[in-house]
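The structure under discussion appears below in the form of structure tokens.
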Amino acid sequence: MVKKLVILKNITKTYYTGKVAYQVLKGISLEVEEGEFLAIMGASGSGKSTLLNIIGLLDKPDSGIYIFDGQEVNQLTKKELAYLRNRKIGFVFQAFYLVPWATALENVLLPLLYRGKINKEDEKKAVELLKRLRLEKRINAKPNELSGGEQQRVAIARALITNPKLLLADEPTGNLDSKSSQEVMNIFKELNENGITIIMVTHDPEIADFAKKIKIIKDGTFIKE
Amino acid sequence: MKTSFFQFLKDIFKELFSNKINFVFMFLALTISLVTLNTIYSLGLSAKKQVMDYLANLQFGKDAMFIVAGGGRIIGLTTTRRDTLKLEDVEEIKKLDFVKLASPISIGTLEVSYKGVAEKLKVEGVLPNYVFANNWYPKVGRFINEKDLKTMAKVCVVGADIPKKFNIKNILGEKIKIAGQYFKVIGVLESKPFFGHHRWDKRIFIPLTTAQRRVFNKDYIEGVKLLFRKGTDIKIAEKKIKEILRKRHKLFGIEPDDFRIITPELAISIFTKTMRTINVFLLAIALISLTISGVIIMNLMYANIEEKAPVIALRIALGADPRKIIKHYLIMSFFIAIISGIVGWILSIFLMQIISFFTPLKTFFSWKVFIFSLSFATFTSITFTLMPAIRASKIEPAILLKTL
Amino acid sequence: MFIKYKLLWGGLFHKKLRLFLSVIGIIIGVASLLLMNSFGESAKIKTLKEIETFGPEVMMVVAGSVKVHGGRAIQTEITTTLKPADAEALRKIKGIKYLSPVFNGDGIIRYLGNNLTTIVNGVNEEYLLLRKFPLLEGRNFLKDEILGYKKVAILGYKIKRELFEDKNSIGKIILINKLPFRVIGVLAPIGIDASNTDQDDQILIPWTVAISAVYNVDYIRSIYLSVENLEEIHLIEKQINKILLKRHKVSERNKDFDIVKAEDILQVKTQTTELFSTLVKSISILCLFVGALGVTAIMTLSVNERKKEIGIRKALGAEDKNILFQFLAESVFITSLGGAIGILIGVVGSLIFLPLFDYPLVFPWIPILTSTLLTIFSGIIAGIYPAYKATQVDPIILLRHNF
Ligand SMILES: Nc1ncnc2c1ncn2[C@@H]1O[C@H](COP(=O)(O)OP(=O)(O)OP(=O)(O)O)[C@@H](O)[C@H]1O
Ligand SMILES: [Mg+2]
């Protein structure tokens, strides 16, 4: 039997703007098996990012159950959540979010800072990752010296340095041209084939096609296939 | 034109309030320094004013001088003879055209008693013009007159504390004993504020002639108070008087003066000396902290301009005059200065109120300090904004392409 | 290894101008804090030194009456009833260590072509010991010289410089009010003492000569004395009072002398110095405070600008304490760097300015210590608010658009 990495049951999330309540997620249930490649689609404002925040342990749901990698996460402390994010989850954002004053290599090593030491082996591993993403010539470049595609690849390398089980991507191709987008998606595909579970949010059906499975959010719940 | 200037101001305000942290910290740093500066400065002025008021109340504000018998350093023990200042010297000084009034004094500390209560008090032999010389008039009764002087009358005028001291209800006409002789009280002087060890209200005044012949038995005087005509140059007056006295006392060459000349200026400086040293140090500290505030403003301005760089670049790209950009930032810093200047001034008045509650220092309200506060604030703020503003005007429109 | 620190500290060095200006603020603050503290400390030492020649064990019996005001003894009346025999009579009191009659007057001094006026103090051989005046060269009076009406003189430092410059003065003959005196000693520089007189501008001669040959009087102006045991000072004061009242045949009320304890004069002086010291020291913290405010300002700004960086660090597994520490460390770094340079400048400044303003030069150990502690403290205080703000950054902002 394949292990379930993410189990969401009846997740709800409401935002309050002033006194006006706005329920974004109205009982989301989702199961993601290890090795899956899921694309989540939906209109703007439908709650995709909100859901991804919850899956990525950056935010907590108002109600519902979330079991990540066999662990019920609702009761975990901030510290334990930080630990889980660091060890098991990799993030790729639309706007890359590289640290502007650090080089590509340093950016890749950033997650390891919160594990304690950064040793020579880690550096070697980071260089290898960058090579794998065809960035061997840009290792010491600063983010503002890199193109969008290159920046996103650095961000992917940063997500992979910790050997995460789960890779979360929020519109990873949103800021890229179609050629770079294809490149990034090919990398994702390859990573997935090597066993990493991927959950990706996108607007673009063409990009969603790279995934094995597509889910669509509407009115705070998934549309039934 | 008018609307464009209005727009200009609006832009500045928008920028100020859109970045509240920046604004608050610039304002805070400047205000704290200004409050300290204003308070210290005001308290210094206040102390000086207290002394000057005190001296002015004694007709020693300006156009006046006091000559004390006995030479030596201004403060401290006399080291020369003290019996050389005579009434003839006073007559000679009176002849100087700028001298309006000369009031000689002969002093001694004598035992004064009334019905068994006795005390050693300062007794001064004076002329009728003493009241004008010191702006000090009888509250009841009258002061010594020419007739008392001529007849060497045994009459006295007493300070305001005396009746209480001897427990006399109706002192006029009573006789008190001074150094064994009975003196009739003819007047009580109004109360004078005192400062330091000059307890004016505990003195007793008798006619100078009576003092010299009947009480002290001496032909010299202890001092003379001079009032000058308005606009007299004190320096020249001092020099002339010194010349006369030295000549009359036959002092030549390096022989030291056997008298001391005390000018109002000197009196003020003696009274405020300690206060002044402390004040100078504290003012220096406040000015340094103002400079630090300036550096903070400069730093935050740079940061602000860095943040606004794309907007500025866009403006320059659209053809804005670089001078207008400099002006924009200078006016912005001027606003910060004005607000801090006013708030700093108001807070310093509050602070002084608190201080005056715990210390003898008095609150000092002055528009001069307000102007002082504003100008220091403006100077600091604008000086330290100048460099960042110039930097802003030199932003290359080319950065637009990079940031977009 | 290096990368770890680069990742922790890189944000700080990213904007050099900003770092530089923040550090400058602290430098000025700490330097002036240190300088002002040095002045405060030095002022205390200055007073202590002045008091040294006028210790609490010293008393004066002054002819006439004296008012102590503002730390100065002001003679308000002079009498001529204090006689040398009174001084001798006081010697009998037990517990007196040194005693010297004093007669002072102006003197015109001549040596070769040089003329000057100064104060001539007629004293005995115990006066130097009593006042703790050190001799630069030569020797003290001998008892025989005092008793034998010998015309010998000890010069104050300034007098010696003015009359003799660098040349030797010992054994030379000078004229005091036209009488020849042999110089036997020169006082070391003392400066203005607690009684506010410049002790370098005086000449000491035997009191016997002063009241006879020089000034021709039969009285003395004062008697200086010191006690063996400080606790007995009030007792001795009472005894002196009693003896003199009896000798002068006057009642307490008609007293023609006054006893002034050095303590009374010094009280105001020490109080003023204490006031100066505390005021200057405490107000000077303002400089550091404002400097620290600058650090808070720039760190807060920096946290605002680096929200994304903080968010990403958190998403990647940084705990609040990591973030808190990072920003606290940044502000402590800024203040410590500024503090170190500021202390250096402050020390150099103290060494230059203290002598310039006539304050005794002491190496400012205590101010350095207090400045260091205050700097570290203010660095932490300055960092608390921005560091706290940094921990409040929520990583969910990263997934929001238009951020
Ligand atoms: N912190 C917040 N406070 C209030 N409302 C919020 C907050 N975050 C998100 N929202 C609202 O919740 C809704 C869902 O937001 P979310 O970012 O999840 O949408 P999305 O599906 O990711 O949209 P997009 O495709 O534009 O990225 C939106 O209407 C948004 O305005
Ligand atoms: Mg979204």
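We did not get these values from a lab; they are worked out from the coordinates using the rules stated. Please read all numbers here as calculations on a predicted model, not as lab measurements. Note: ideal-geometry Cβ built from the backbone for every residue, glycine included; neighbour counts use all protein chains shown.
If you filter the stretch C:131-188 for chymotrypsin sites (Phe, Trp or Tyr not before Pro), then keep DSSP loop positions with at most 11 other Cβ within 10 Å, what is left?
Details: sites: C:Phe141, C:Tyr149, C:Tyr157, C:Phe164, C:Phe181; in loops: C:Phe141, C:Tyr149.
Qualifying residues, ordered by number: C:Tyr149.
Computed over chain A with a Gaussian network model linking Cα atoms closer than 10 Å, the most mobile of A:Glu150, A:Glu36, A:Glu190 is A:Glu190.
Sort largest first and round to whole Å: the equivalent ellipsoid semi-axes of the stretch A:132-225, each the square root of five times a Cα gyration tensor eigenvalue. Spell out each step's value before the answer.
Working: eigenvalues 133, 46, 26 Å².
After diagonalising the Cα gyration tensor, the semi-axes are 26, 15, 11 Å.
Would you look at the GNM of chain A, springs on alpha carbons closer than 10 Å, and say which of A:Ile118, A:Ile187, A:Ile156 moves the most? Maximum fluctuation in the GNM of chain A, among the listed residues, is at A:Ile118. Phi-derived couplings, Karplus 6.51 cos²θ - 1.76 cosθ + 1.60 at θ = phi - 60°, listed residue by residue for the stretch B:290-297: 5, 4, 4, 4, x, 4, 4, 4 Hz, with x used for Gly and Pro.
With the simple model of a label 7 Å out from the Cα in the direction of the Cβ, B:Ala317 to C:Ile384 spans 4.5 nm.
Note on the stretch A:73-163: the C-alpha convex hull projects to 6.2 nm² when averaged across all orientations. Computed from phi, the 3J(HN,Hα) profile of the stretch C:9-20 under the Karplus parametrisation 6.51, -1.76, 1.60 (θ = phi - 60°) reads 10, x, x, 6, 8, 4, 10, 5, 4, 4, 4, 4 Hz, with x in place of Gly and Pro. Divide the volume of the convex hull around the Cα atoms of chain A by the residue count and you get 139 Å³ per residue. Here the scattering of the stretch B:100-231 is modelled by Debye summation over its C-alpha atoms, one equal scatterer each and no solvent; at q = 0.09, 0.10 Å⁻¹ the log10 of I(q)/I(0) is -0.23, -0.29.
The residues B:Val158, C:Val214, when put in order of fewest to most other Cβ atoms within 10 Å, stand as C:Val214, B:Val158.
Specify whether the C-alpha gyration tensor of chain B places it in the rounded, prolate or oblate class, a ≥ b ≥ c being the square roots of the eigenvalues: rounded for a/c under 1.5, otherwise prolate if a/b is larger than b/c and oblate if not. Write out the running numbers ahead of the final one.
Values: a/c = 4.02, a/b = 2.83, b/c = 1.42.
Judged from the Cα gyration tensor, chain B comes out prolate (a/c at least 1.5, a/b above b/c).
Tell me the mean residue ellipticity at 222 nm calculated for the protein assembly as shown from its helices only (DSSP H runs of n ≥ 4, each -39500 (n - 2.57), averaged over every residue, nearest 500). If you can, show how the numbers build up before the last one.
Details: 29 runs with 499 residues, N = 1032.
Result for the protein assembly as shown: -16000 deg cm²/dmol, rounded to the nearest 500.
The Rg/Rh ratio for chain C is 1.25, where Rg is the radius of gyration of the alpha carbons and Rh is the Kirkwood radius. On the basis of the beta-carbon distance and an R0 of 51 Å, B:Trp367 and B:Asn170 show a calculated FRET efficiency of 0.55. Between C:Asn229 and B:Lys273, the distance separating the two model label sites (each 7 Å from Cα on the Cα→Cβ line) works out to 3.8 nm. Label positions at A:Glu121 and B:Glu238, each projected 7 Å from the Cα along the C-beta direction, are separated by 8.7 nm.
Measuring max minus min along each principal axis, the C-alpha atoms of the stretch C:80-255 give extents of 52, 33, 30 Å (largest first).
Which translational diffusion coefficient, to the nearest whole µm²/s, is obtained for the protein assembly as shown from the Stokes-Einstein equation, given a Kirkwood hydrodynamic radius over C-alpha pairs, 37 °C and 0.692 mPa s?
On the way: Rh = 36.4 Å.
Calculated translational D: 90 µm²/s.
If the chain linking C:Lys178 and C:Phe13 were pulled fully straight, counting 0.36 nm for each residue of separation and taking away their Cα-Cα distance, it would gain 51.7 nm.
Please give the average number of partner chain Cβ atoms lying within 10 Å of the Cβ of each residue in B:296-308, rounded to a whole number. Present the calculation step by step, with values, prior to reporting the outcome.
Working: counts 12, 3, 5, 13, 6, 1, 5, 10, 1, 0, 5, 3, 0.
Counting other chains' Cβ atoms within 10 Å and averaging over B:296-308 gives 5.
Shielding by partners for peptide B:26-36, expressed as the average number of C-beta atoms from other protein chains within 10 Å of each residue's C-beta, is 3. Amide H contacts of C:Gln199: C:Gly191, C:Ile192, C:Asp193, each under 5 Å away and 5 or more positions distant or on a separate chain (H built 1.01 Å from N in the peptide plane; Pro and chain starts excluded).
Put simply, the amide H of A:Gly27, placed in the peptide plane, has neighbours under 5 Å in A:Ile11, A:Thr12, A:Lys13, leaving out anything fewer than 5 places away on its chain. At full extension, B:Val280 and B:Ala160 could sit 39.4 nm farther apart than now, given 0.36 nm per residue minus the alpha carbon distance.
Past 18 Å, Cα to Cα: identify those pairs from A:Lys120/C:Lys6; B:Lys139/B:Lys169; C:Lys143/C:Lys238; B:Lys202/C:Lys246; C:Lys46/C:Lys167; B:Lys164/B:Lys362, in the order given.
Working: A:Lys120/C:Lys6 15 Å; B:Lys139/B:Lys169 15 Å; C:Lys143/C:Lys238 28 Å; B:Lys202/C:Lys246 29 Å; C:Lys46/C:Lys167 30 Å; B:Lys164/B:Lys362 29 Å.
Over 18 Å Cα-Cα: C:Lys143/C:Lys238; B:Lys202/C:Lys246; C:Lys46/C:Lys167; B:Lys164/B:Lys362.
In a simple Cβ point-charge model (Lys, Arg +1; Asp, Glu -1; nothing else charged), the stretch B:100-231 has a dipole of about 160 debye relative to its Cα centre. The alpha carbons of the stretch C:183-230 occupy a box of 31, 30, 21 Å along the principal axes, longest dimension given first. Give, as ranges by residue number, the residues of the stretch A:196-218 whose backbone N falls under 15 Å from the point 7 Å along Cα→Cβ of A:Ala43. Answer for the stretch A:196-218: A:216-218. Need one number: the % of Cα-Cα pairs in the stretch C:272-403 sitting beyond the 19 Å mark. When every Cα pair of the stretch C:272-403 is considered, 59 percent fall beyond 19 Å. Electrostatic tally near B:Ala102: other residues with Cβ closer than 9 Å to its Cβ, Lys and Arg +1, Asp and Glu -1, net +2. Between B:Phe379 and C:Phe20, what FRET efficiency follows from the Cβ-Cβ distance if R0 is 25 Å, with the result rounded to 0.05? Calculated transfer efficiency: 0.65.
Set the bar at 18 Å for Cα to Cα. Now go through C:Lys15/C:Lys314; A:Lys117/C:Lys4; A:Lys212/C:Lys314 and name every pair that lies beyond it.
Pairs exceeding 18 Å: C:Lys15/C:Lys314; A:Lys212/C:Lys314.
For B:Phe17 and B:Lys327, a Förster radius of 22 Å and the Cβ-Cβ distance give a FRET efficiency of 0.70, rounded to the nearest 0.05.
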